[in-house]
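Student: Below you'll find the structure I mean.
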Amino acid sequence: MADKTFPLPTRNDAVLDFLADRRSNKSKAMSEPGPDEEQLRQILTLGTRVPDHRKLSPWRIVVFQGEARARIGAQLAQTYADDNPEHPEDRVAFEAARFLRAPVVLMVVSSPVDCLRGTPVWEQELSVGAVCMTLLMAAQASGFGAQWLSEWYAHDPRMHDALGVNEGERIAGFIYLGTPSEQSLSRPRPDLSDIVSFAS
Ligand SMILES: Cc1cc2nc3c(=O)[nH]c(=O)nc-3n(C[C@H](O)[C@H](O)[C@H](O)COP(=O)(O)O)c2cc1C
């Protein structure tokens, strides 16, 4: 019998209960307070503790809070108005206030490392998805609401300039963080028999 001198994984019912009921909170129903500096630091630390083939850290995160959210909102409103000359006023106002829906918005950027015969970009992109998901869970486990959104501006090159997204990078998503102002609703989940098969 092997001498087990290291701690074995143990059942953690609190984590299992957390995962069993995990669901997102709506960004439109998220208010103050958001995480303070220390809480945000912990969310970022835990959120980036993800599998990462060859330890490349092929991602980065930009934090939008305070006035920085309004500045991006002005760019969103301008870009929207340029594309929609007949724009309704209330829609432009909505664009201006997008980042103000939550006290903190994290932009998670996929920043793949170009390594010939190294880790495929696909794997690096999977790692950034893991960052987004772990950020959501770290935020909720810290007592905040969280939602992962892309929306139109994640895929608009003009907004990439405004947001400081460089050539070769892609936005994996925006993680909206705050205090939920309404209960998040459950939604149907896929039936395991539709998505899992057992190889023979
Ligand atoms: C990459 C990605 C982008 C998403 N973008 C949006 C979006 O732009 N708008 C939206 O309503 N939901 C978006 N979602 C979905 C929400 O994050 C989330 O799935 C939904 O709120 C409920 O899921 P949950 O309760 O299982 O977490 C996105 C999800 C992913 C993975």
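Student: Report every pair of residues separated by at least 6 positions or lying on different chains whose Cβ atoms are under 7 Å apart, first residue within segment 15-26 and at pLDDT 95 or above, second small (Gly, Ala, Ser) and not in a helix (DSSP H, G or I).
Tutor: These pairs meet every condition: Arg23/Ser184; Arg23/Ser186; Ser24/Ala146; Ser24/Ser184; Asn25/Gly145; Asn25/Ala146; Asn25/Ser184; Lys26/Ser184.
Student: For segment 92-200, which fully contained helices (runs of 4 or more DSSP H) count at least 1 residues that are of a type in the set (Ser, Thr, Tyr)?
Tutor: 121-141, 192-195
Student: Looking at segment 133-143, is at least one residue farther than 17 Å from Asp21 by Cβ, within 10 Å of the ligand (Cβ to nearest atom), of a type outside the set (Lys, Arg) and touching a helix residue (DSSP H, G or I) at 6+ places or on another chain (Cβ under 7 Å)?
Tutor: The answer is no, given that none of the residues of segment 133-143 is farther than 17 Å from Asp21 by Cβ, within 10 Å of the ligand (Cβ to nearest atom), of a type outside the set (Lys, Arg) and touching a helix residue (DSSP H, G or I) at 6+ places or on another chain (Cβ under 7 Å).
Student: Give segment 36-47 a look and list any residue that's touching a helix residue (DSSP H, G or I) at 6+ places or on another chain (Cβ under 6 Å) and within 18 Å of Gln65 (Cβ to Cβ), or say none.
Tutor: Answer for segment 36-47, where residues must be touching a helix residue (DSSP H, G or I) at 6+ places or on another chain (Cβ under 6 Å) and within 18 Å of Gln65 (Cβ to Cβ): Ile43, Gly47.
Student: With the requirement that a residue be touching a Leu at 6+ places or on another chain (Cβ under 8 Å), closer than 16 Å to Val105 by Cα and within 16 Å of the ligand (Cβ to nearest atom), what does segment 1-55 give you?
Tutor: Ser24, Ser27, Met30, Gly47
Student: Given the condition under 22 Å from Thr134 (Cα atoms) and either away from the ligand (no atom under 16 Å from the Cβ) or at pLDDT 95 or above (or both), answer yes or no: does some residue in segment 86-99 qualify?
Tutor: Yes - at least one qualifying residue is present in segment 86-99.
Student: Within segment 163-185, how many residues are of a type outside the set (Asp, Glu), within 15 Å of the ligand (Cβ to nearest atom) and more than 14 Å from Met107 (Cβ to Cβ)?
Tutor: Residues flagged as of a type outside the set (Asp, Glu), within 15 Å of the ligand (Cβ to nearest atom) and more than 14 Å from Met107 (Cβ to Cβ) within segment 163-185 amount to 5.
Student: Considering each of His160, His155 in turn, give the residue that is more than 24 Å from Gln39 (Cα to Cα) and within 15 Å of the ligand (Cβ to nearest atom).
Tutor: Going through His160, His155 in turn, just one is more than 24 Å from Gln39 (Cα to Cα) and within 15 Å of the ligand (Cβ to nearest atom): His155.
Student: Please specify each residue of segment 148-200 satisfying the condition of being over 18 Å from Gly73 (Cα atoms), of a type in the set (S, T, N, Q) and within 18 Å of the chain's Cα centre (by Cα).
Tutor: Residues satisfying the conditions are Thr179, Ser184.
Student: Could you tell me which residue of segment 106-137 is surrounded by the fewest Cβ atoms within 10 Å (Cβ to Cβ), considering only residues that are farther than 17 Å from Ala172 by Cα and of a type in the set (A, V, I, L, M, F, W, C)?
Tutor: Here the residue is Leu116.
The values are calculated or read from the model by the stated rules, or taken from the named source; none is laboratory data. In this text, all values refer to a predicted model and were calculated from it rather than measured experimentally. Using ideal geometry, Cβ is built from the backbone for each residue, glycine included, and neighbour counts are taken over all protein chains shown.
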